[in-house]
Every structure is written in C-alpha cells, then in structure tokens.
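Each reported figure results from applying straightforward, stated rules to the coordinates on display, with no laboratory input. Predicted, not measured: the structure shown is a model, and the values here were computed from it. We place every Cβ from the backbone using ideal geometry, glycine too, and count neighbours over all the protein chains shown.
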Amino acid sequence: MSHIPPLDPMVAAKKGFRESEERLKRFWKEASVAAEDAGGWVVLLDGRAPKTPAHNRFVLPTEVAARMVAGEWAAQGEFLDPGTMPATRIAATAIDRVALTREPVAEEIAAYVGSDLLCYLAEHPTPLVAEQIRKWTPWREWAGRELGIVVQPTSGIIHVAQPQQSIARVREQALELDDFRLTALAMAVPLLGSAILGLAMQRGAISGEDAFELSRLDEAFQERQWGVDAEAEERTAARRAEAVLIDRWFRALA
C-alpha cells in the first residue's frame with residue numbers, strides 16, 4: 001500500500017529517533033513504560049522518551065502495546081537493529097503517517113475487496129479447488145454474516161466485480177479503527193491479499209498464523225507437489241512471522 005511503506009530505516013539518537021546510515025550504539029540501560037496524565041502509555045529509555053522519525057513521542061493507547069515496543073528496545077544488543085523492531089515500526093507509522101492519511105489508507109484497504117484472494121478459486125487441479133472451497137467459503141460467509149460484506153467467488157483469474165456497497169462497508173469499518181489498529185490492518189491486508197482475512201484477524205476471529213496459511217493455499221499445494229527450496233522457505237517464514245506479529249499487535253490493543 002502506497003500510504004503504508006515498508007520498514008523505515010529508523011535508528012535512535014539521544015535526542016530522539018532519526019534516519020541515518022550509521023549504526024547507532026546502544027546508549028540506554030533500561031527501557032520502560034509510564035502512564036500519561038492525558039491518557040495512553042509512553043515508552044521511556046532511562047526515563048526519557050525516544051522520538052519517532054517525525055519527532056513525535058511514542059505514546060501508545062494500551063500498556064500492553066507500549067510494553068511490546070519497550071521490549072524491542074530492551075532486547076537490542078550493542079548496536080540498534082531496526083529490523084528486529086516491528087512493533088516500533090507499526091507504532092511510528094501510526095503516529096507519524098497514518099494519523100495524517102486515514103482516508104487514503106482506508107480507501108486502499110477497501111480496494112482489496114475488489115480482488116480479494118478468497119474470491120478467486122483455481123480452475124484446476126481438482127484437489128486444490130476442493131481445498132479452497134472447503135477452507136475459504138466459511139470466511140466469505142462470515143464476512144457477509146458478521147460484517148455485511150457480501151462478495152462473489154469466481155474460478156480462474158478473470159476479474160469479477162464486487163458490490164460497491166461491500167467495498168464501502170470495508171472502508172467504513174477501517175475508518176472506525178484508531179490509528180494503531182488501522183495501521184496494522186493496512187499491513188495485514190496486502191500481506192494476506194485479503195481484506196476479509198485482515199478484518200477477521202483484527203476482530204480476533206482468526207489467528208495471524210491461521211490467516212496466513214489460508215492466504216497461501218495455492219503455494220502450499222505446489223510445495224506438497226514439487227517441494228520447496230531453502231530461499232522460498234525463508235521468505236515464507238518471514239511473512240508468517242509478520243502475520244503473527246500483527247496479530248499480537250491487535251491483541252495488545254484490545
């Protein structure tokens with residue numbers, strides 16, 4: 001999604017977060033959280049608040065979410081490694097970017113309904129088609145029943161238009177979320193290729209790992225037929241870990 005970029009090259013400085021090509025040596029001993037008088041929880045490094053790339057404070061809506069971020073800072077070694085700080089990335093993106101672009105982000109999430117993965121069944125082979133019908137149909141039905149999002153499945157890759165009211169409904173539900181949940185949903189939907197699975201994860205109807213496995217039925221079927229190489233396996237593991245992390249983030253905001 002254009003409004004939700006991948007991991008920012010973020011490193012911290014004593015006066016806050018900044019972008020740099022230099023590796024930053026750890027300067028803090030303890031990462032903690034504290035309640036804000038105005039509401040929310042702030043992340044602290046030795047009692048001082050680090051800053052996002054846009055120089056905002058890391059203030060999270062729940063203690064659990066703040067502790068997720070603080071835990072990433074506490075787990076850093078001699079040098080800061082932004083690649084090991086996904087919760088920090090989500091928080092910074094929510095605070096710096098999504099707070100300013102909520103409607104465009106919601107529009108992009110809603111656009112996925114028009115080509116939702118769960119609507120495009122394979123034409124063959126028969127075992128894969130049967131598996132997709134068995135595992136995807138309940139979630140399309142769930143979306144219609146629980147969210148008012150009615151979609152039509154098809155076979156093959158020829159585009160099928162989905163009801164405009166369903167697309168509008170996804171947009172409405174996305175905009176009902178706060179910035180932190182909206183950011184995570186905007187990351188989950190393209191990862192899964194499905195607005196339905198993203199919303200199901202956000203609402204706690206399915207785990208991140210199970211949603212990810214549903215999103216790769218075709219890929220898993222091919223792996224069972226032809227095997228998988230080490231590089232592909234590593235990519236899959238990284239994507240699965242991202243889905244699990246996003247699920248943890250949603251639960252931390254509950």
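In terms of Cα atoms, the Rg and Dmax of the stretch 117-160 work out to 10.8, 32 Å. The share of C-alpha pairs in the stretch 10-100 whose separation exceeds 16 Å stands at 49 percent.
Candidate membrane-span-like segments in the chain, meaning DSSP H helices with Cα atoms spread over at least 18 Å of their own axis and a Kyte-Doolittle mean of 1.0 or above, are 179-192, with no membrane implied. Mind running the shape call on the stretch 199-254? Use the C-alpha gyration tensor, a ≥ b ≥ c as the square roots of the eigenvalues: rounded below 1.5 for a/c, prolate if a/b tops b/c, oblate otherwise. In terms of gyration-tensor shape, oblate. Fewest-first ordering of Lys25, Lys51, Lys135 by other beta carbons within 10 Å of each residue's beta carbon gives Lys25, Lys135, Lys51. With a 10 Å cut-off between alpha carbons and a GNM built on the chain, which of Thr236, Thr52, Thr88 moves the most? The residue with the greatest mean-square fluctuation here is Thr236.
Within the listed set Val129, Val189, Val33, the residue fluctuating most in the Gaussian network model of the chain (springs between alpha-carbon atoms under 10 angstrom) is Val129.
Relative protection proxy for 76-85, 199-208, 117-126, from highest mean packing down: 199-208, 117-126, 76-85 (other beta-carbon atoms within 10 angstrom). In the Gaussian network model of the chain, springs joining C-alpha atoms below 10 Å, which of Ser155, Ser166, Ser215 carries the largest mean-square fluctuation? In the Gaussian network model the winner is Ser155. In the stretch 67-156, the inverse of the mean reciprocal separation of distinct Cα atoms equals 16.7 Å; this is its Kirkwood hydrodynamic radius. Taking only alpha carbon atoms, the stretch 102-252 gives an Rg to Rh ratio of 0.96, where Rh is the Kirkwood radius. For the chain, what is the percent of antiparallel DSSP beta bridges, rounded to the nearest 5? Antiparallel: roughly 90 percent of the beta bridges in the chain. Lysine pair count for the chain with Cα-Cα distance under 28 Å and sequence separation of 8 or more or different chains is 8. Each pair of Cα atoms in the chain enters the Kirkwood radius, and Stokes-Einstein at 4 °C and 1.567 mPa s then converts it into a translational diffusion coefficient of 67 µm²/s. Under the combined filter of DSSP loop state and at most 16 neighbouring Cβ atoms within 10 Å, the stretch 163-254 retains these GluC sites (Glu not before Pro): Glu176. According to the Kirkwood relation over distinct C-alpha pairs, the hydrodynamic radius of the stretch 168-213 is 10.4 Å.
Dividing the helix sum by the residues of the chain, where each DSSP H run of 4 or more adds -39500 (n - 2.57), gives a mean residue ellipticity at 222 nm of -15500 deg cm²/dmol.
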